[in-house]
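Visitor: Have a look at this one.
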Amino acid sequence: MCGIVGFWDISRQISNEKLPEIVQQMANAIVYRGPDSTGNWVDTDKGIALGHQRLAIVDLSPQGHQPMICNDDRYVIVFNGEVYNFLELRRELEFLGHNFRSHSDTEVMLASFSQWGVEAAVKRFNGMFAFAVWDCEERLLYLGRDRLGEKPLYYGWVGKTLLFASELKALKVHPDFQVEINRDALALFLRLGYIPAPHSIYQGIFKLSPGSLLCWDGVSDNPQAQVYWSAKEVAESGVKQQFQGNEFEAVIELEKLLLNAVKMRMIADVPLGAFLSGGIDSSTIVSLMQAQSNQAVKTFSIGFHEKAYDEAPYAKAVAKYLGTEHTEFYVTPESALDVIPKLPSLYDEPFSDPSQIPTFLVSQLAKQYVTVALSGDGGDELFGGYSRYLVTDNLWKKVNYIPQIIRNLTGQSLTATSPEIWNLCLNFVGNTLGNKLSSLSKLKNQGDKINQIGEVLKLSHPEPMYARLTSHWKNPEQIVIGSSEPTTAFTDRESWARVSSFLEHMMFVDTVTYLPDDILVKVDRANMGVSLEGRIPFLDHRVVEFAWQTPLSMKVSNGQGKWLLRELLRKYLPNNLIDRPKMGFSVPIDIWLRGPLREWAESLLDENLLISQGFLNPAPIRQKWKEHITGVREWHFYLWDVLMFQAWLQDNY
């Protein structure tokens, strides 16, 4: 696990003496991603500069140092991540006549490029990676990213110079980096809580999309990244060519795949452990780790003193049953406050998933004991685990029974009345009638929910309903001054996989948006912020492909998701540790904003500050803030979006 940086100055504006100095300064900006060693390589004739920060995991010797040059001197690489099947590839390459001086996967990658070419070699890799490769013979620069997007890679042209890096802060070190905030991407951020690929917070700077390879010859004005692995094609082929075995055989096949995926991710020359929440996904990964380990696996979990958010007792029970060496940490408002100032720099662009706080804290905890930690991320998207899938699917089924003309009329009447008026009416009814209806006067945001139901009723297809229900700010263009919201996989029909059900559509959309751009960003930045390598067995592409091949009935059954995973887990844990409601990795931001975070939030949401900055319309923001702190409404998700942008803006400008 490392950090990579580099640039190609085709106009040769930078002097030869400055090339290594600048690329090293870029690498120094992300030293925490790889504190074990650093290095750079330059070709002064071509204006190419590559830089690397190394977190040594496999082959800790200097032989694994990067940038690395292949034996025939054709390819030079800087690489972030792991290729888990490198031993298998190495044996094949040795049979073909290749010799190796190290035990690193990086050298195997270079030999693979020499043997099969860059694109063909990447298709053979099983791993998480982002890399830059300079082809000295063909004078081509390749940028590549793993299939699911576990490792980040930003790139963009500043004048005639192509910049790239694992994180934005490294790009900003380059002397020619002068770009403006992308207001359109900011609108996407307020809707989703993250900025989806290929966009970034800066104009002209992009994220390389998962499963893509960009090749630039230094001449083309607008080279397009080529997809070498398509989640869309995997989903479509999977639902067409379904697994033909029965349920018992499906469990056996999944167990075989996951055991191998976990085993490959346990290869390390440094201490290794796992995150354990006590949920289905992490419990499965830890169970499979412990089943293949001769010693107690080190496990780590986070707890909350607020019982509604606390999963730590479940994690502790699972750890006790499996016999792991378990460590837990309880989050307090004080510990959260200590993390919040770090978030703008840690996440590098606006990012507002509140679980970023406990994710960083559990990473910080794990780093005290291990250098590599496995996690259970990805299970929900692959096996239908999110409760919103069933809720949204059931809602659409009920709505779809109503004729469209009646839905339109009803929807128009529900949305014609403002949420404030609905709330007043509900309060009046609750306070007047008493008894069972008295609870109406205590409900918050019911007017907004009525308006939202009205909007849903007017829809003629289910896909826009999911896009709306997963949105934070429903009309972000009204909040971000001068913005025009781009399309995303939620709204672009051409990008949708042709699957057989609405449930599968939601799972697919999340796999190409929420998973890489929220979950994996959260995990990567939190882990790397403390120099910890995170590994995710569920995102082994063989597991992903098999998940799409299994019938939906084996994933969602009797109103519950992850049936297949649950059945697998029953081989390792008793039912009482499996069959419980899903909690998720949430934090009490709503409570904290009214308490220990209130002063910090008020300073960032100051009306005069918002006006002077010129990015956000202060009126609706201030209204939501006042309603939230008085307890009239619950707007913490909306407000956290704005607060994370404001904190980022304050840290960067």
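The values are calculated or read from the model by the stated rules, or taken from the named source; none is laboratory data. Just so it is clear, the structure is predicted and the values come from calculations on it, not from any experiment. Every residue, glycine among them, receives a Cβ derived from its backbone with ideal geometry; neighbour counts consider all protein chains shown.
Visitor: Is it true that GLN13 is touching a residue at least 24 places away in the same chain (Cβ under 8 Å), outside any loop (DSSP other than H, G, I, E, B) and either of a type outside the set (Gly, Ala, Ser) or touching an Asp or Glu at 6+ places or on another chain (Cβ under 8 Å) (or both)? Step through it out loud before you land on a result.
Guide: Working: touching a residue at least 24 places away in the same chain (Cβ under 8 Å): yes; outside any loop (DSSP other than H, G, I, E, B): no; either of a type outside the set (Gly, Ala, Ser) or touching an Asp or Glu at 6+ places or on another chain (Cβ under 8 Å) (or both): yes.
Taking the combined requirement at face value, the residue does not satisfy it.
Visitor: Here's something else I'd like to know. Residue by residue through the stretch 606-651, note down the ones that are of a type in the set (Val, Ile, Thr) and surrounded by 19 or more Cβ atoms within 10 Å (Cβ to Cβ). Break it down stepwise before answering.
Guide: Of all residues in the stretch 606-651, those of a type in the set (Val, Ile, Thr) come to 611, 621, 629-630, 632, 642.
Within the stretch 606-651, ILE621, VAL642 meet the criteria.
Visitor: While we're on this one: Here is a list: LYS320, LYS298. Which entry is touching a His at 6+ places or on another chain (Cβ under 9 Å), free of Cβ contacts under 8 Å to residues at least 12 places away in the same chain and not hydroxyl-bearing (Ser, Thr, Tyr)? Quick ask: steps written out before the conclusion?
Guide: Numbers: LYS298 fails: free of Cβ contacts under 8 Å to residues at least 12 places away in the same chain.
Answer to the selection: LYS320.
Visitor: What are the residues in the stretch 619-634 that are under 20 Å from LEU192 (Cα atoms) and either without any contact (Cβ under 8 Å) to a residue 12 or more places away in the chain or of a type in the set (Val, Ile, Thr) (or both), if any?
Guide: Within the stretch 619-634, just ILE621 meets the criteria.
Residue by residue, here is whether (1) over 27 Å from GLY534 (Cβ atoms); (2) assigned by TED's automatic domain parsing to the domain that holds ASP269; (3) modelled with pLDDT of 95 or more; (4) not in a helix (DSSP H, G or I) holds:
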| position | (1), (2), (3), (4) |
| --- | --- |
| LYS46 | yes, no, no, yes |
| HIS52 | no, no, yes, yes |
| LEU60 | no, no, no, yes |
| ASN71 | yes, no, no, yes |
| ARG91 | yes, no, yes, no |
| GLU94 | yes, no, yes, no |
| HIS103 | no, no, no, yes |
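Visitor: Those residues that are of a type in the set (Asp, Glu) and free of Cβ contacts under 8 Å to residues at least 12 places away in the same chain, I need them from the stretch 16-37; list them, please.
Guide: So in the stretch 16-37, the residues of a type in the set (Asp, Glu) come out as 17, 21, 36.
If the condition is that a residue be of a type in the set (Asp, Glu) and free of Cβ contacts under 8 Å to residues at least 12 places away in the same chain, then GLU17, GLU21 are the ones that fit.
Visitor: Taking only the stretch 321-339 into account, find how many residues are out of contact with any strand residue (DSSP E or B) (no Cβ under 7 Å at 6 or more places or on another chain) and crowded, with 20+ Cβ neighbours inside 10 Å. Step through it out loud before you land on a result.
Guide: Residues of the stretch 321-339 out of contact with any strand residue (DSSP E or B) (no Cβ under 7 Å at 6 or more places or on another chain): 321-323, 332-339.
Next, from what is left, pick out any that are crowded, with 20+ Cβ neighbours inside 10 Å: 322, 336.
Number of matching residues: 2.
Visitor: List every residue pair whose Cβ atoms sit under 6 Å apart, with the two residues 6 or more apart in sequence or on different chains, where the first one lies in the stretch 393-418 and is outside the structural domain of VAL556 (by TED's automatic domain parsing) and touching a residue at least 12 places away in the same chain (Cβ under 8 Å) and the second, anywhere, is in a helix (DSSP H, G or I) and of a type in the set (S, T, N, Q).
Guide: These pairs meet every condition: THR415/ASN451.
Visitor: Among the listed residues LEU382, LEU395, identify the single one that is surrounded by 13 or more Cβ atoms within 10 Å (Cβ to Cβ), farther than 29 Å from ASN617 by Cα and at pLDDT 95 or above.
Guide: Among LEU382, LEU395, only LEU382 is surrounded by 13 or more Cβ atoms within 10 Å (Cβ to Cβ), farther than 29 Å from ASN617 by Cα and at pLDDT 95 or above.
Visitor: Here's something else I'd like to know. Can you tell me which residues in the stretch 73-89 are of a type in the set (A, V, I, L, M) and either outside the structural domain of VAL122 (by TED's automatic domain parsing) or under 13 Å from GLY3 (Cβ atoms) (or both)? Write out each step before concluding.
Guide: Taking the stretch 73-89 first, the residues of a type in the set (A, V, I, L, M) are 76-78, 83, 87, 89.
VAL78 - this is the single residue of the stretch 73-89 that is of a type in the set (A, V, I, L, M) and either outside the structural domain of VAL122 (by TED's automatic domain parsing) or under 13 Å from GLY3 (Cβ atoms) (or both).
Visitor: Next question, about the same structure. Which members of the stretch 364-376 meet the condition of being farther than 15 Å from ALA315 by Cβ and crowded, with 24+ Cβ neighbours inside 10 Å?
Guide: Pass one, the stretch 364-376, residues farther than 15 Å from ALA315 by Cβ: 364, 367-372.
Result: VAL372, single match.
Visitor: Pick from ALA319, ALA291, ALA296: which is within 27 Å of PRO588 (Cα to Cα) and touching a helix residue (DSSP H, G or I) at 6+ places or on another chain (Cβ under 8 Å)? I'd like the intermediate steps shown before the answer.
Guide: Values: ALA291 fails: within 27 Å of PRO588 (Cα to Cα); ALA296 fails: within 27 Å of PRO588 (Cα to Cα).
Result of the check over ALA319, ALA291, ALA296: ALA319.
Visitor: Moving on to the next point. Conditions: (1) at pLDDT 95 or above; (2) among the aromatic types (Phe, Trp, Tyr); (3) closer than 21 Å to GLY81 by Cα. TYR347 meets all but one. Number of the miss?
Guide: (1) is the only condition that TYR347 fails.
Visitor: Please find, among THR432, THR417, the residue that is exposed (fewer than 12 other Cβ atoms within 10 Å of the Cβ), modelled with pLDDT under 75 and out of contact with any helix residue (DSSP H, G or I) (no Cβ under 6 Å at 6 or more places or on another chain).
Guide: Working: THR417 fails: exposed (fewer than 12 other Cβ atoms within 10 Å of the Cβ).
Only one candidate passes the filter, namely THR432.
Visitor: Just give me the residues in the stretch 509-526 being crowded, with 24+ Cβ neighbours inside 10 Å and out of contact with any Asp or Glu (no Cβ under 9 Å at 6 or more places or on another chain), in sequence order.
Guide: Those that are crowded, with 24+ Cβ neighbours inside 10 Å and out of contact with any Asp or Glu (no Cβ under 9 Å at 6 or more places or on another chain): VAL512, ASP517, ALA526.
Visitor: Report yes if some residue within the stretch 46-59 is over 25 Å from ASP540 (Cα atoms) and surrounded by fewer than 19 Cβ atoms within 10 Å (Cβ to Cβ); otherwise report no.
Guide: Yes, some residue in the stretch 46-59 is over 25 Å from ASP540 (Cα atoms) and surrounded by fewer than 19 Cβ atoms within 10 Å (Cβ to Cβ).
Visitor: Ok, one more. I need a count of the residues in the stretch 301-317 that are closer than 19 Å to GLN364 by Cβ, of a type in the set (A, V, I, L, M, F, W, C) and in contact (Cβ under 8 Å) with a residue 40 or more places away in the chain.
Guide: Here the count works out to 2.
Visitor: Yes or no: the stretch 606-613 includes at least one residue that is of a type in the set (Ser, Thr, Tyr) and in contact (Cβ under 8 Å) with a residue 40 or more places away in the chain.
Guide: Residues of the stretch 606-613 that are of a type in the set (Ser, Thr, Tyr), as a first pass: 612.
Those left that are additionally in contact (Cβ under 8 Å) with a residue 40 or more places away in the chain: none.
Within the stretch 606-613, not a single residue is of a type in the set (Ser, Thr, Tyr) and in contact (Cβ under 8 Å) with a residue 40 or more places away in the chain.
Visitor: Next question. Kindly indicate whether any position in the stretch 589-609 is at positive phi, outside the structural domain of TYR314 (by TED's automatic domain parsing) and not polar (S, T, N, Q).
Guide: Here is the first cut: in the stretch 589-609, the residues at positive phi are none.
Checked against the condition, which is being at positive phi, outside the structural domain of TYR314 (by TED's automatic domain parsing) and not polar (S, T, N, Q), the stretch 589-609 yields no hits at all.
Visitor: Have a look at ALA120, ALA130 and point out the one that is under 25 Å from ILE48 (Cβ atoms), surrounded by 20 or more Cβ atoms within 10 Å (Cβ to Cβ) and either within 26 Å of the chain's Cα centre (by Cα) or assigned by TED's automatic domain parsing to the domain that holds GLY34 (or both).
Guide: Values: ALA120 fails: surrounded by 20 or more Cβ atoms within 10 Å (Cβ to Cβ).
Just one listed residue meets the conditions, ALA130.
Visitor: Quick one: which helices (runs of 4 or more DSSP H) sit completely within the stretch 352-413 and have at least 2 residues that are out of contact with any His (no Cβ under 8 Å at 6 or more places or on another chain) and of a type in the set (Gly, Ala, Ser)?
Guide: Values: elements: 356-367, 379-383, 387-400.
The qualifying helices (runs of 4 or more DSSP H) are 356-367.
Visitor: Considering only helices (runs of 4 or more DSSP H) fully contained in the stretch 538-652, which possess at least 2 residues that are over 24 Å from the mean Cα position of the chain (by Cα)?
Guide: Details: elements: 541-549, 563-569, 589-594, 598-604, 607-613, 618-629, 636-652.
Hits in the stretch 538-652: 563-569, 589-594, 598-604, 607-613, 618-629.
Visitor: So VAL42 ticks every box in (1) under 25 Å from the mean Cα position of the chain (by Cα); (2) over 24 Å from ALA121 (Cα atoms); (3) among the hydrophobic types (A, V, I, L, M, F, W, C) but one. Which box is left unticked?
Guide: VAL42 satisfies all of (1) under 25 Å from the mean Cα position of the chain (by Cα); (2) over 24 Å from ALA121 (Cα atoms); (3) among the hydrophobic types (A, V, I, L, M, F, W, C) except (1).
Visitor: Of the conditions (1) within 19 Å of LEU153 (Cβ to Cβ); (2) without any contact (Cβ under 8 Å) to a residue 60 or more places away in the chain, GLY3 fails just one. Which one is it?
Guide: (2)
Visitor: Going through GLY584, GLY614, GLY561 one at a time, which residue ends up being at pLDDT 90 or above and at positive phi?
Guide: Working: GLY584 fails: at pLDDT 90 or above; GLY561 fails: at positive phi.
That would be GLY614, the only listed residue that is at pLDDT 90 or above and at positive phi.
Visitor: Being surrounded by 14 or more Cβ atoms within 10 Å (Cβ to Cβ), at pLDDT 95 or above and over 30 Å from TRP473 (Cβ atoms), is that true of even one residue in the stretch 571-581? Show your work before the answer.
Guide: From the stretch 571-581, those surrounded by 14 or more Cβ atoms within 10 Å (Cβ to Cβ) are 572-573, 577-578; that's our starting set.
In the following step, the residues that additionally are at pLDDT 95 or above were identified as 572-573.
Then keep just the ones that are over 30 Å from TRP473 (Cβ atoms); that gives 572-573.
Yes, that holds for at least one residue.
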